[in-house]
Amino acid sequence: MAGNARHVPVMLQRCLDMLAPALTGPGAVVVDCTLGAGGHSEALLKTFPGVRLVALDRDPTALKLAGERLAPFGERATLVQAVYHELPEVLERLGIPKVQGVLFDLGVSSMQLDEADRGFAYAQDAPLDMRMDQTTGISAAEVLNTYPPGELVRILRAYGEEKQAKRIVSAVVREREKEPFTNSARLVELIRDALPQAAKRTGGNPAKRTFQALRIEVNAELASVEQAIPAAVAALAVGGRIAVLSYQSLEDRIVKGVLAAGAAGTAPPGLPVVPERYQPRLKLLTRGAELPTEEEIAENRRAAPARLRGAERIREDVGDAP
């Protein structure tokens, strides 16, 4: 696929450098929880010749194309159709108790954005689908056409951080009574017409926040991230490392919270000696979130909003810390 040839994985070298200390030993297993076009996975297999890769994606099209790309690595690569919060079940099925590395590249993949008929991109007219796995779940069109107005406002505010949610939803409800929504161009035009001039002058395409909100709702993305990051931390062996790329503040907030909690002690105040079960399980590898360089953004414009966070597992769970 041409998109594969053009695709540049976001902050690739920094992800490799972050995971490297954990992946050089014999028998190391690394999990790419967001396979996509396979760019990060291919680089992991090339850079660390002794590593075994387990790669997850819910999108069967991504699995097929990435499978062709990773075929030269043979049995070193195991590809699984799964949502990333299903990581514990996948590892149990494969008989892998602990892993040395985990990588997340959250959000919609470049491959999905580049395929017009998936309906992820607001810049081109396409069916309003937005499902990462088109064999299951409800489409963005169904959300727009069937959700009560109050629920649509909540989604746009919570997942798109859209200040004009009420205005947009009023227009959607009015228009869907005339004719159900099927394609993206009509929604983009409606949003442009509904917003006041001041709101259209900032923040790029005025449809961006609404499309993000619909995509997150359709794929239950935030709920999945909330489960997946703690599950990935739990799967790490001592010395194992996790690297997470986020592209919007909602995801990044979840990642930051999970990693910061793991890096904090849980001892009640005033203990003269802190028992091991209260000590941090993680050591943070980034001070705040690392941002892409100007060169990385020039090479791949989709890297611009990326935020990279990482952590290393420094101890096993001991006992039940409250």
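The values are calculated or read from the model by the stated rules, or taken from the named source; none is laboratory data. None of the values given here were measured: they were computed from a predicted structure. Cβ coordinates were reconstructed from backbone atoms using ideal geometry, including for glycine residues, and neighbour counts include every protein chain displayed. For the accessible areas, the whole protein counts, side chains as well, though only heavy atoms, and no ligand, DNA or RNA atoms are used. Shrake-Rupley method; radii C 1.70, N 1.55, O 1.52, S 1.80 Å.
Structure values in brief
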{"item": "Simple label model, 7 Å out from Cα along Cβ direction - K163 to A289, nm", "result": "2.0"}
{"item": "Over the stretch 131-269, relative contact order from alpha-carbon pairs under 8 Å, at least 6 apart, %", "result": "26"}
{"item": "Helical mean residue ellipticity (222 nm; -39500 (n - 2.57) per DSSP H run of 4+; nearest 500) of the chain", "result": "-13000 deg cm²/dmol"}
{"item": "Estimated distance in nm for a label pair at K208 and T146, the labels positioned 7 Å out from Cα along Cα-to-Cβ", "result": "3.1"}
{"item": "Estimated FRET transfer efficiency (S170, K64; beta-carbon r; R0 45 Å; 0.05)", "result": "0.60"}
{"item": "Carbon + sulfur, % of accessible area of the stretch 150-193 - ligands and nucleic acids excluded, 1.4 Å", "result": "44"}
{"item": "FRET efficiency for Q279 and D17, using Cβ-Cβ distance with R0 set to 25 Å, rounded to 0.05", "result": "0.40"}
{"item": "Surface share of carbon and sulfur [accessible, 1.4 angstrom probe, percent] for the stretch 217-322", "result": "54"}
{"item": "Carbon and sulfur %, accessible surface of the stretch 9-78 computed with the full protein complex present, 1.4 Å", "result": "58"}
{"item": "Segment E189-T266, length gained on full extension (0.36 nm per residue, minus Cα span)", "result": "22.6 nm"}
{"item": "Computed label-point distance, nm, for sites K46 and R315 using a 7 Å Cα→Cβ extension", "result": "4.0"}
{"item": "Alpha carbon Rg of the stretch 121-171, scaled by the compact-globule rule 2.2 N^0.38 Å", "result": "1.21"}
{"item": "Accessible area expressed per residue, the stretch 249-303, with surrounding protein chains retained (probe 1.4 Å, Å²)", "result": "64"}
{"item": "DSSP beta bridges in the chain [antiparallel fraction, %, rounded to 5]", "result": "40"}
